[in-house]
Amino acid sequence: MRNLIGIVLILIVASGVFLCLDNIPFGASRENVGDFYNSSGVKQTGAVNMVTSVVLNYRGFDTLGEVTILFIASLGLGAVLSTVKTSSREETTPSSLILSTGCRFLFPFILLFGTYTFLHGHLTPGGGFQGGAIIASGFLLRYLGCPAKRTNPSLFVALESTGGLVFTLIGLLGLTLSGFFLFNFLPKGEANTLFSAGIIPVIYIAIGFKVGAELAGIIDGLIVKS
Amino acid sequence: MIFIIAFLVVVMLAGAIAACLFRDLLNAVIASCLVSLIASILFYFLQAPDVAMAEASIGAALVTAIFIIAIRRTERRE
Amino acid sequence: MNFLNSYIFYIGAFGLIFIGIYILLTRKNLIKMIIGLSIIDTGVNLLLICMGFLKKGTAPIFSRPGIKPENMVDPTPQALVLTAIVIGVAVLAMALSLAIRLYQHYGTLDMRKIKEQKW
């Protein structure tokens, strides 16, 4: 009965939505601020990847807000889970030799790939958030493959705080040097080279460390110590 | 080209309906991982490689892992 | 064929949103509801990227020297969706930690039984 009422309500809303889809034509060109970002992005920021220049230069303040939201979520998760009693009723089977050796062997290569991703965020698709997620996946593989070795959680806390502090300090440095928060004050260099685009690679390195340490810390907080 | 995209959309919607109808929570989580993976491919077809990378690494790997760890600490059947 | 060509992505995005809302309306296990939230998240992100698409457009990266900025796809919705994906995973982690705490306190994850309990 409940399922039937749910289906009927959703069909009513869906028919209303699909009758109005003619007003949003798919793939039509629209004149808006995206054209301005595309045509004058390389001259003004020095980055070749337009999405990176929007995320860190034109809308850099929103990225600071997002980094704060991640920090608050990690904090809340740690606070709620510290009141949960951990019962030691689960025992894990020890992993075989092939599995643990394979996971230990793969771990530095995954870290290397994540570092490459956030270092080249202004030249190729990628950036701080994607690279941080790849680093956290490397830590997850290590937890699943060899459960005997656990990393010290204070390392994650230290890396996360350092990353957030570097981001804010660069913003304040821009404020003192030019009068605007998060102003792009380093030299822009030549486009399509590694040392270009001002403060964008520096901030992406800080964000990469922060997001990687944060997501790995979340997974570390959820796994019960056995 | 349009048939490939139509096939992928049909598989994605079938995966979402399967996530609704499974009683075993582990199977439902794996169906939602399939939805996330096909959404990442569709982001690539919409000419957005940054978003495809983010969805594949965060949505398909880390969210599934967090769900499985949470299911292990609570019940498994609905 | 023309109908399919112009509307296939909208069908996918809106279909995901409506299936997610159906899961939230009719299922009573808390973790199943959180799976429904995650499906709604994915559907909304897909819809946002559809808004910036241009027919015969290309990705907004100046990788080769011959790309003109007039053929490029809009980069603003992509920046917005990048933020939204990361925020989605943060909210999901927080919701699952609350579910673990609820399970430890009440012994069950059935929302109708928890609502009857008064304390």
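Do we have any residue at all in segment B:39-47 that's more than 14 Å from chain A (Cβ to nearest Cβ) and either modelled with pLDDT of 95 or more or under 26 Å from A:Gly128 (Cβ atoms) (or both)? Even if it seems obvious, please write down each step before you answer.
Just the residues of segment B:39-47 that are more than 14 Å from chain A (Cβ to nearest Cβ), to begin with: B:39, B:41.
Adding the requirement that they be either modelled with pLDDT of 95 or more or under 26 Å from A:Gly128 (Cβ atoms) (or both) leaves B:39, B:41.
Within segment B:39-47, one or more residues are more than 14 Å from chain A (Cβ to nearest Cβ) and either modelled with pLDDT of 95 or more or under 26 Å from A:Gly128 (Cβ atoms) (or both).
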Being facing another protein chain (nearest Cβ under 8 Å) and touching a residue at least 60 places away in the same chain (Cβ under 8 Å) is the filter; apply it to segment A:54-72 and report the residue that is surrounded by the most Cβ atoms within 10 Å (Cβ to Cβ). A:Val55
Condition met for A:Val84 (facing chain C (nearest Cβ under 9 Å) and part of a helix (DSSP H, G or I)): no
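When you look at C:Leu82, is it at the interface with chain A (Cβ under 8 Å from one of its Cβ atoms), in contact with a helix residue (DSSP H, G or I) (Cβ under 6 Å, 6 or more places away or on another chain) and in a helix (DSSP H, G or I), yes or no? Before you say what the answer is, go through the steps one by one.
Values: at the interface with chain A (Cβ under 8 Å from one of its Cβ atoms): yes; in contact with a helix residue (DSSP H, G or I) (Cβ under 6 Å, 6 or more places away or on another chain): yes; in a helix (DSSP H, G or I): yes.
In short, yes.
Every residue in segment A:38-50 that is in a helix (DSSP H, G or I) and either more than 8 Å from chain C (Cβ to nearest Cβ) or without any contact (Cβ under 8 Å) to a residue 60 or more places away in the chain (or both), please.
In the first step, residues of segment A:38-50 are kept if they are in a helix (DSSP H, G or I); the result is A:38-45, A:50.
Answer for segment A:38-50, where residues must be in a helix (DSSP H, G or I) and either more than 8 Å from chain C (Cβ to nearest Cβ) or without any contact (Cβ under 8 Å) to a residue 60 or more places away in the chain (or both): A:Asn38, A:Ser39, A:Ser40, A:Gly41, A:Lys43, A:Gln44, A:Thr45, A:Met50.
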Taking segment C:2-15 and the residues there that are small (Gly, Ala, Ser) and facing another protein chain (nearest Cβ under 7 Å), the one that is farthest from the chain's Cα centre (by Cα) would be C:Ser6
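Select, from A:Gly138, A:Gly121, the only residue that is assigned to a helix (DSSP H, G or I) and either in contact with a Pro (Cβ under 9 Å, 6 or more places away or on another chain) or at positive phi (or both). Give the steps one after another, and end with the answer.
Values: A:Gly121 fails: assigned to a helix (DSSP H, G or I).
None of the other options fit; the residue is A:Gly138.
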Apart from one, (1) modelled with pLDDT under 95; (2) in a helix (DSSP H, G or I) all hold for A:Phe109; the odd one out is (1)
Could you grab me the full set of residues in segment C:51-78 that are buried (at least 18 other Cβ atoms within 10 Å of the Cβ) and assigned to a helix (DSSP H, G or I)? C:Thr76, C:Pro77, C:Gln78
Restricting segment A:8-37 to residues that are at pLDDT 90 or above and within 7 Å of another protein chain (Cβ to nearest Cβ), the residue that is surrounded by the fewest Cβ atoms within 10 Å (Cβ to Cβ): A:Val17
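Looking at B:Ser57, B:Ser36, B:Ser40, which one is in contact (Cβ under 8 Å) with a residue 24 or more places away in the chain and part of a helix (DSSP H, G or I)? Steps first, please.
On the way: B:Ser57 fails: in contact (Cβ under 8 Å) with a residue 24 or more places away in the chain; B:Ser40 fails: in contact (Cβ under 8 Å) with a residue 24 or more places away in the chain.
Testing whether each residue is in contact (Cβ under 8 Å) with a residue 24 or more places away in the chain and part of a helix (DSSP H, G or I) leaves just B:Ser36.
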Between a first residue in segment A:9-36 that is under 12 Å from C:Met51 (Cβ atoms) and a second residue that is among the aliphatic types (A, V, I, L, M), which pairs have beta carbons less than 7 Å apart while being 6 or more apart in sequence or on different chains? A:Gly27/C:Leu54
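Being closer than 18 Å to B:Ala48 by Cα, surrounded by 20 or more Cβ atoms within 10 Å (Cβ to Cβ) and within 8 Å of another protein chain (Cβ to nearest Cβ), is that true of even one residue in segment C:16-38? Steps first, please.
To start, the set of residues in segment C:16-38 that are closer than 18 Å to B:Ala48 by Cα comprises none.
No - not one qualifying residue is present in segment C:16-38.
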Just one of the numbered conditions (1) under 14 Å from the mean Cα position of the chain (by Cα); (2) farther than 18 Å from C:Ile35 by Cα is not true of B:Tyr44; which one? (1)
Please verify whether segment C:89-99 includes one or more residues that are among the small types (Gly, Ala, Ser), in a helix (DSSP H, G or I), over 24 Å from C:Tyr7 (Cβ atoms) and in contact with a Ser or Thr (Cβ under 7 Å, 6 or more places away or on another chain). yes
Out of (1) surrounded by fewer than 20 Cβ atoms within 10 Å (Cβ to Cβ); (2) away from every other protein chain (no Cβ under 13 Å); (3) within 16 Å of A:Thr151 (Cβ to Cβ), the one A:Ala213 does not meet is (1)
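Mind counting the residues in segment A:126-149 that are away from every other protein chain (no Cβ under 14 Å) and either within 30 Å of C:Leu80 (Cβ to Cβ) or surrounded by 13 or more Cβ atoms within 10 Å (Cβ to Cβ) (or both)? If you could, list the steps in order and put the result at the bottom.
Within segment A:126-149, the first condition is being away from every other protein chain (no Cβ under 14 Å), and the residues that meet it are A:146, A:148-149.
Going one step further and asking which of them are either within 30 Å of C:Leu80 (Cβ to Cβ) or surrounded by 13 or more Cβ atoms within 10 Å (Cβ to Cβ) (or both), we end up with A:146.
Counting residues in segment A:126-149 that are away from every other protein chain (no Cβ under 14 Å) and either within 30 Å of C:Leu80 (Cβ to Cβ) or surrounded by 13 or more Cβ atoms within 10 Å (Cβ to Cβ) (or both) gives 1.
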Are there any pairs, at least 6 apart or on different chains, whose C-beta atoms fall under 8 Å, with the first in segment A:145-168 and on the phi < 0 side of the Ramachandran plot and the second exposed (fewer than 13 other Cβ atoms within 10 Å of the Cβ), and if so, which? A:Pro147/A:Thr92; A:Pro147/A:Pro94; A:Pro147/A:Ser226; A:Ala148/A:Pro94; A:Arg150/A:Lys225
Scan segment A:169-185 for residues that are surrounded by fewer than 17 Cβ atoms within 10 Å (Cβ to Cβ), without any contact (Cβ under 8 Å) to a residue 40 or more places away in the chain and not β-branched (Val, Ile, Thr) and jot them down. A:Leu169, A:Leu172, A:Leu173, A:Leu175, A:Leu177, A:Ser178, A:Gly179, A:Phe180, A:Phe185
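The values are calculated or read from the model by the stated rules, or taken from the named source; none is laboratory data. This structure is a prediction, so every number in the text was calculated from the model and none was measured. Backbone-built Cβ (ideal geometry, glycine too); neighbour counts: all protein chains shown.
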